[in-house]
1. Name the residues in the stretch 99-119 that are surrounded by 12 or more Cβ atoms within 10 Å (Cβ to Cβ) and either in a helix (DSSP H, G or I) or among the hydroxyl-bearing types (S, T, Y) (or both), would you?
2. Starting from the stretch 46-63, keep only residues that are surrounded by fewer than 21 Cβ atoms within 10 Å (Cβ to Cβ), then list their pairs with residues that are acidic (D, E) whose Cβ atoms are within a distance under 9 Å, requiring at least 6 positions of separation or different chains.
3. Find all pairs meeting these conditions: Cβ atoms under 7 angstrom apart; at least six residues apart or on different chains; first residue within the stretch 102-122 and in contact (Cβ under 8 Å) with a residue 24 or more places away in the chain and among the acidic types (D, E); second residue surrounded by 15 or more Cβ atoms within 10 Å (Cβ to Cβ) and in a loop (DSSP other than H, G, I, E, B).
4. Residues in the stretch 49-68: is at least one basic (K, R) and closer than 25 Å to V15 by Cβ?
Amino acid sequence: MDDFFRSDGTGSLSVDQTQSAPGSPGHWGRRRDLFVVLYQHQLAMPVSAHLEFCDKITFWTWEAKDIEKLEPSLDRLEKLAPRHGKLLGCYLWDFGTGKPMPLDLMKRQCELGRRWLEQGRIRGDDPPRQQHL
């Protein structure tokens, strides 16, 4: 669910609607992982009730200058959503200034992402699902 959270932290769907969204843990039928986009500046918003019914979080930094705070922000996200799979979104564009991402900050973002992948803090993909014969 891209751009799911509004500026006040409420979701595009209610918590009940999120719980019964196709693919969510509370929905009938075939199970699919439910992904949600969360921006760094939304960490302080009341998003945890919605996150409870999502499986994976794609975590993004809207403004390039905030890449300097990416490490403590991931720590905060891990406390907010400890059981969720996490993916790191990496922009080539600084939406805060409307300009290309400065190269030094792009490198920093990529270095952190690689380290976190190696540490298992974020995922690049899902492990293969077991096939039942």
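Nothing in this text is a laboratory measurement; each read-out follows from the coordinates by a stated rule. The structure displayed is predicted, hence computed values, not measured ones. Cβ sites come from the backbone with ideal geometry, for glycine too, and all protein chains shown count toward neighbours.
1. L105, M106, K107, R108, Q109, C110, L112, G113, R114, R115, W116, L117
2. Final answer for the pair search is P46/D8; D55/D33; K56/D33; K56/D126; T58/D2; W62/D94; E63/D94.
3. Every condition considered, no pair remains.
4. yes
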